[in-house]
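One structure is given here, and the rest of the page talks about it.
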Amino acid sequence: MKQKYQQVHEISNGLAVTKISKSRYQNGSRKLLNDEVVVEQPMQIRLFWQEDNTDKEQVFSITMRTPGDDEELILGLLLSEGVIDNYQQVYSIALEMDDNSNLWEVRLVNDYSPTINTLERYQVTYSSCGLCGSTSLKSLELKNPTQLNDEKHWLAISRVYEMPEIMKQQQQVFLQTGGCHAAALFDFKGRLISLYEDIGRHNAVDKLLGKKLKNELSNSKPFCVVVSSRLSFEIVQKAIMSGVSVLISVGSPSDLAISAAKRFDLTLICFVKENSFNVYNGEWRLSPLGS
């Protein structure tokens, strides 16, 4: 029987959720039920700037994402790719067409030109793989990341256990659909500042760090980013470029993610469970045992 797809979009916690009908087969029986799934749509970002008094424009990225919080996603992506390093370099972020929420344009301020090398390639990115053409330590060095906060022994071990659970309790769309990742920003006392969800783990991180940039939170202060997925090089890159000094995951890291953490003094904590976690670099930011 052909399923009827209901084109009904609801915004829940800033994310689009679609209601559909489904057939469930269980214990030899069949039931027709309603379900909710996360929406996935493409987004194009076109960049406008001036160079030598000449107007320039280029399609910067086409990415698959969950609609909602698109401005934060764009800011986070521009920051992690080294196109901008502060919010004041952006003049405007707006829809190209009022009737198409998937086409966005970014205009940079007149006295700022992005690094051309950053824009040389035509970027097509996907929610499942991130910026697959950027995975090298050399490319990250060329983006001139900011110096990470070097304060010692500020992160209590008890906070490492608590933060993923706090994030999990706030993942409203995941509880609703079971189909999205999350990224959360915490301060040095383990207090939740903001949380974003998206079908792509890279997008969730971009939205989170775009919000941090938009709020102009100082990189001189220590922050933790917690993610609900494994850690790839791309996510480590995003944390480093945004000035976040501690990255925590409930999943595993890749070898290149660990290498990048070591190169740029990022504290990398993974496999966080109820009573254990692994530290792959930057253990000096943790409070000593028993303190």
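Every number in this text was worked out from the coordinates using simple rules, so none of it is lab data. Computed from a prediction, not measured in an experiment: that's the story for all the values here. Note that we place each Cβ from the backbone using ideal geometry, even for glycine, and neighbour counts take in every protein chain shown.
The figures follow:
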item: Euclidean distance between Cα centres, the stretch 226-287 to the stretch 192-206, Å; result: 16
item: Trypsin sites (Lys or Arg not before Pro) lying in DSSP loop within the stretch 150-259, provided at most 13 other Cβ fall within 10 Å; result: LYS152, LYS189, ARG191
item: Eligible aspartates and glutamates near LYS211 by straight Cα distance, threshold 19 Å, same-chain separation 8 or greater; result: ASP69, ASP70, GLU71, GLU72, GLU81, ASP85, GLU105, ASP187, GLU197, ASP198, GLU234
item: Projected label distance in nm at ARG46 and SER276, using a 7 Å step from Cα toward the beta-carbon; result: 5.3
item: Rounded, prolate or oblate (a/c below 1.5 giving rounded, otherwise prolate when a/b exceeds b/c) for the stretch 157-285 by Cα gyration tensor; result: rounded
item: With at most 14 other Cβ atoms within 10 Å, longest stretch of the chain clear of loop GluC sites (Glu not before Pro) (DSSP); result: 1-119
item: Those residues of the stretch 169-204 whose amide nitrogen sits under 19 Å from the label point placed on GLN26, 7 Å along Cα→Cβ; result: 175-179
item: Anisotropy class of the chain from Cα gyration tensor, a/c 1.5 cut; result: oblate
item: Under 10 Å, Cβ to Cβ, from PRO67 - net charge with Lys/Arg +1 and Asp/Glu -1; result: -3
item: Mean separation of Cα contacts under 8 Å (6+ apart) over length of the chain, as relative contact order %; result: 17
item: Efficiency of FRET between ASN100 and LYS19 - r from beta-carbon atoms, R0 25 angstrom, step 0.05; result: 0.65
item: Farthest positive-ward along the chain dipole, Cα basis, beta-carbon charges - from LEU103, ALA261, VAL272; result: VAL272
